[in-house]
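Written out below as C-alpha cells is the structure these notes cover.
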Amino acid sequence: MTETIQPGQTGQPGGTREHRVQYVDPAVGAAAAERLSGLDFLQSLVDGVTPRPPITAALDFTLTLAEPGRVVFEITPGEIHYNLTGSVHGGVFATLLDSACACAVLSLLPAGTGSTSMDLTVKFLRPVTVDSGVLTCEGTVIHRGRRIATAEARLVAEASGRLHAHGTATCLLMAADGRAA
C-alpha cells in the first residue's frame, strides 16, 4: 500500500509514502526573467503568471511576497523533508535561505541583469519537524554595489515566532549573457 502524505502530515509508522513532483519546463521562467526587471519577475511568480522554478516544486515552498530589497517564502515542513534523525534536513533550510537572499537581491535588478550566489553562511538554531507548522523565510538586502550584493535571511516558525535558522549570502551581479555586470 502506498500512502500519499501531504505537507504537515504524518503517516502510519512503517508505512510506505509517495512523493510526486510536477513542474513546468524551467526555460519558461528563464525567458520571463530575461525580459522583466527582477521585481517584476518575482511578482509574476507570486501572482502565478510565471511558473515556479523546479526547486520550489521539489521542496514544496512558495514565494509569497516580493518588494524592492525584500522577499518572503513559505514552507510547511513534511516528512519528505526529513533527515535520518527525524527532523527537517539542514539542506532544506540552506536552500530556503539561499533562495531568499538571492531573490531579495534580484528584486533590485533591472531587466537583463541577474545574479548568482558566491557564498552562503547558515546558522542552524533549532530543529524543525512537521509539528513546527508553517515557516516563513524572509530575505532582505544588506548592500548592493555595482558588481556584488549581500543579503540576509531568517527562517521563522509562523505560529511561535521562533527563529530556526538564519544566513547571509554574497551574490555576483551579472548581465544576461553571464558576464559580470
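Read-outs throughout are calculated quantities, based only on the coordinates presented, and are distinct from any laboratory measurement. These figures come from a predicted structure and were not determined experimentally. No Cβ is skipped: glycine too gets one built from the backbone with ideal geometry, and neighbour counts run over all protein chains shown.
Quick look at the values:
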quantity	calculated
Over the chain, relative contact order from alpha-carbon pairs under 8 Å, at least 6 apart, %	21 percent
Pairwise centroid distance, computed over Cα atoms, of the range 151-181 with the range 57-111, Å	9 Å
Within the chain: Cβ-based charge dipole about Cα centre, in debye rounded to nearest 20 (Lys, Arg +1; Asp, Glu -1)	500 debye
Amide H contacts of Glu158 (H built 1.01 Å from N, under 5 Å, at least 5 apart or other chain)	Val134, Leu135, Thr136
Dipole magnitude of the range 29-81, debye to nearest 20 (Cβ charges: Lys/Arg +1, Asp/Glu -1, about Cα centre)	120 debye
Top positive-direction residue, dipole computed over the chain with Cβ charges, set Ile148, Leu42, Thr129	Ile148
Structure-based [θ]222 nm, the chain - -39500 (n - 2.57) summed over DSSP H runs of at least 4, per residue, nearest 500	-7000 deg cm²/dmol
Quotient of Cα Rg and 2.2 N^0.38 Å for the range 8-75, N being how many residues it contains	1.37
For the chain, the spread of Cα positions along each principal axis, largest first, Å	53, 34, 25
Full-stretch length increase - Arg35, Arg146 - with 0.36 nm per residue and alpha-carbon distance subtracted	37.9 nm
Signed unit charges on C-beta, dipole axis of the chain, positive-most listed residue Val92, Tyr23, Pro54	Val92
